[in-house]
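Structure first, then comments.
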Amino acid sequence: MAPPQLTLDVLCVGAGFAGIFELYHLRSLGYSVKVFEAAEDIGGVWWHNCYPGARVDSIVPVYEFSDEKVWADWSWSEKYPDWKELRRYFQHVDEKLDIRKDIVFNRRVTSAKWNVNEDKWLVTSQDGSVVNARFFILCVGNNSKIYIPDIPGLDRFRGSCHHTARWPQAGLDLQNKRVAVIGTGASGVQIVQDVGPRAAQLTVYQRTPNIAFPMRQKSIDEETSKKMKVEVYDMVYRRRRQTLGGHAYDLYPKNSCDATAEERLLFYEDMWNTIGGIQLVAASYKDIRLNQKANDELYNFWRIKVLERVRSPRLQVTLAPEVPPHPVGAKRPSLEVSYFETFNLPNVDLVDLTQNAIVEITSNGILTNDGREREFDVIVLATGFDAMSGGITQIDIEGTDGISILDKWTKSVRTYLGMMTANFPNMFFIYGPGAPTALSNGPTCIVSTVLPPFTALTIVWTKEVQGEWINTCIQNMMDKGLTRIEPLPEAEEEWQKSVFESMSEGLYDAPTSVFLGRNIPGKVSEPQIYVGGIPKYTEMCWKKIHDGYEGFSRTALK
């Protein structure tokens with residue numbers, strides 16, 4: 001390994017919400033901090049995801065930084081912004097926080113090794129540069145490692161083939177093209193409804209029907225934006241710290257069985273027609289993920305709504321089968337505007353991969369089990385990500401025991417508080433495995449969560465969970481002259497039990513569940529995220545600090 005060319009207090013990897021938050025706040029504490037970003041610009045997931053129709057599934061102002069310096073003179077044009085507006089937002093963030101000067105772009109971190117003699121990480125990048133850093137923070141998010149299925153012949157296709165998260169930055173002309181979309185997760189839904197009306201032919205290859213909810217998109221004019229800032233913003237930022245998923249809404253405080261059938265129907269009708277969005281699960285009856293009967297009723301309500309929108313009896317069965325493919329909410333719900341109507345277009349078709357699997361990709365298109373080869377100009381891989389842990393394990397990080405993070409987590413993804421893992425001292429990660437992550441609003445989990453007012457603790461913390469928890473930990477260590485912190489193995493085991501228990505009572509058992517790692521062949525099937533809610537997670541994390549960093553070993557270099 002080459003000698004280090006730079007020595008830092010903190011090195012962050014990734015320039016999305018988490019990396020920007022860490023850089024800005026740690027720099028303000030006087031520490032030397034840099035962010036290494038593999039892409040050409042800031043934005044994280046919103047730099048890579050620029051496919052047609054890409055937009056966020058959380059509403060604004062929930063999905064943004066809560067710092068008034070940023071939002072005071074920024075106005076959104078839509079309730080659910082698209083990738084173009086989100087990119088403009090990140091440029092605005094840079095203008096206000098002056099972050100770009102400490103970010104190195106086009107630098108992909110490839111490996112890291114702990115230097116036991118200095119209590120620092122030696123971090124190597126693809127360009128051969130080496131950095132010495134006391135603290136190593138992985139802000140790579142949960143969707144940074146793309147997943148491309150091992151389909152025979154994929155390299156033979158003579159047309160254009162792109163994963164949605166590696167879409168050409170210059171765009172791709174799909175007008176009057178023959179397009180195949182493999183996958184019907186969130187990105188698949190978005191690209192199908194965008195491309196369907198303008199493609200010459202669109203063929204969608206579906207493995208699992210998507211229980212997608214209506215987005216109910218709305219425009220936001222300047223007058224409305226100004227009014228929201230005065231009347232709503234501060235309240236929303238406080239409220240999102242108190243709810244299960246870090247949104248501005250929470251579960252309805254009533255079990256479905258305590259409501260009459262008529263009351264439930266009116267409740268769902270109102271939610272469907274006026275609100276839509278993730279709220280259909282996240283603001284539904286409080287037993288919606290606990291009671292199979294209640295969950296089935298919501299699915300049947302959804303199915304009736306979808307059948308009204310799809311004309312073909314064959315497609316009705318495929319898109320909205322009588323038997324649910326999985327419980328509602330076992331996957332993060334996707335949002336749609338015209339997804340189901342798109343299948344009424346004469347140029348749009350659907351292939352059910354459970355009945356007619358892909359045999360291979362040919363030079364001209366896709367061959368399926370029925371012997372038919374469909375020819376395409378463009379193949380879109382909407383096949384998702386090696387989520388939660390994949391963005392971390394794709395970096396060759398060696399622990400103090402000589403075992404890589406990939407080898408450790410291949411057996412079981414173990415963390416402590418969803419922010420550290422044993423034998424990897426001074427290494428933190430944000431919005432990854434073992435935390436609320438994919439079941440919560442990203443910015444809330446990353447940068448804006450505090451303890452709820454009903455906490456039994458005697459100290460009222462107004463800290464932010466992952467970002468601010470890490471920053472508090474680093475500041476405390478630096479102030480005390482400590483150079484090394486790592487979780488104890490027994491604490492890691494206890495946290496693993498908490499993660500498992502949080503999911504054990506809920507309806508999360510989906511055959512291809514990202515929450516359980518089942519979307520990746522060969523990946524261990526186990527709970528990947530903590531689903532006990534943002535307030536409880538917040539309380540547990542800050543209690544560890546209050547109790548003298550319980551579960552951690554902290555030492556000074558001798």
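The values are calculated or read from the model by the stated rules, or taken from the named source; none is laboratory data. The structure presented is a predicted model; accordingly, all values stated were derived computationally and were not measured. Neighbour counts are summed over all protein chains in view; Cβ atoms, including those assigned to glycine, are modelled from backbone coordinates with ideal geometry. In case anyone asks, the SASA skips ligands and DNA or RNA and just uses the protein heavy atoms, side chains included. Shrake-Rupley method; radii C 1.70, N 1.55, O 1.52, S 1.80 Å.
Couple of notes before you dig in:
- Filtered residue count, segment 15-37, keeping only those that are at positive phi and buried (at least 22 other Cβ atoms within 10 Å of the Cβ): 0
- Candidates in segment 121-135 are the residues that are among the β-branched types (V, I, T) and over 20 Å from L557 (Cα atoms); of these, the one that is most open to solvent (accessible area, probe 1.4 Å) is T124.
- Consider segment 180-203 and keep the residues that are within 23 Å of V45 (Cβ to Cβ) and among the hydrophobic types (A, V, I, L, M, F, W, C). The one that is surrounded by the most Cβ atoms within 10 Å (Cβ to Cβ) is V192.
- Pairs where the first residue, in segment 403-422, is closer than 10 Å to G434 by Cβ and the second is open to solvent by 40 Å² or more (accessible area, probe 1.4 Å), C-beta under 7 Å, 6+ apart: L417/K544; T421/R414
- Residue match in segment 421-435 (condition: open to solvent by 10 Å² or more (accessible area, probe 1.4 Å) and not in a loop (DSSP other than H, G, I, E, B)): no
- With respect to the conditions (1) at pLDDT 95 or above; (2) surrounded by 22 or more Cβ atoms within 10 Å (Cβ to Cβ); (3) touching a Gly at 6+ places or on another chain (Cβ under 9 Å); (4) polar (S, T, N, Q), T444 lacks only one, and its number is (1).
- The lone exception for A18 - which of (1) under 18 Å from the mean Cα position of the chain (by Cα); (2) assigned to a loop (DSSP other than H, G, I, E, B) it fails: (2)
- Selection of segment 205-252 for residues being within 23 Å of D296 (Cα to Cα) and assigned to a strand (DSSP E or B) yields Q206, F213, P214, Y252.
- Per-region count, segment 378-401, residues open to solvent by less than 50 Å² (accessible area, probe 1.4 Å), in a loop (DSSP other than H, G, I, E, B) and not polar (S, T, N, Q): 7
Rundown of residues vs (1) modelled with pLDDT of 95 or more; (2) buried (at least 24 other Cβ atoms within 10 Å of the Cβ); (3) out of contact with any Cys (no Cβ under 7 Å at 6 or more places or on another chain), yes/no style:
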| position | (1), (2), (3) |
| --- | --- |
| Q5 | no, no, yes |
| V13 | yes, yes, no |
| A39 | yes, no, yes |
| V62 | no, no, yes |
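- Residue check for V10: part of a helix (DSSP H, G or I) and in contact with a helix residue (DSSP H, G or I) (Cβ under 6 Å, 6 or more places away or on another chain): no
- Those strands (runs of 3 or more DSSP E) lying entirely in segment 262-375 with at least 2 residues open to solvent by less than 60 Å² (accessible area, probe 1.4 Å) and out of contact with any Cys (no Cβ under 9 Å at 6 or more places or on another chain): 348-352, 358-361, 365-368
- Among the residues of segment 234-280, those identified as within 20 Å of the chain's Cα centre (by Cα) and hydroxyl-bearing (S, T, Y) are Y237, T243, Y249.
- Cβ-Cβ contacts under 9 Å between residues 6 or more apart (or on different chains), taken from a first residue in segment 323-346 that is over 16 Å from G277 (Cβ atoms) to a second residue that is open to solvent by less than 60 Å² (accessible area, probe 1.4 Å) and among the aromatic types (F, W, Y), are listed as P324/Y299; H326/Y508; P327/Y299; P327/Y508; A330/Y508; A330/F515.
- The listed residues are V514, V531, V499, and the only one of them that is under 20 Å from the mean Cα position of the chain (by Cα), open to solvent by 40 Å² or more (accessible area, probe 1.4 Å) and not charged (D, E, K, R) turns out to be V514.
- Filtering segment 61-92 to residues that are closer than 23 Å to L23 by Cα, outside any helix (DSSP H, G or I) and either in contact with a strand residue (DSSP E or B) (Cβ under 6 Å, 6 or more places away or on another chain) or free of Cβ contacts under 8 Å to residues at least 60 places away in the same chain (or both) leaves D67, D73, W74.
- Only listed residue being open to solvent by 30 Å² or more (accessible area, probe 1.4 Å) and over 20 Å from I446 (Cα atoms), chosen from E95, E85, E68: E95
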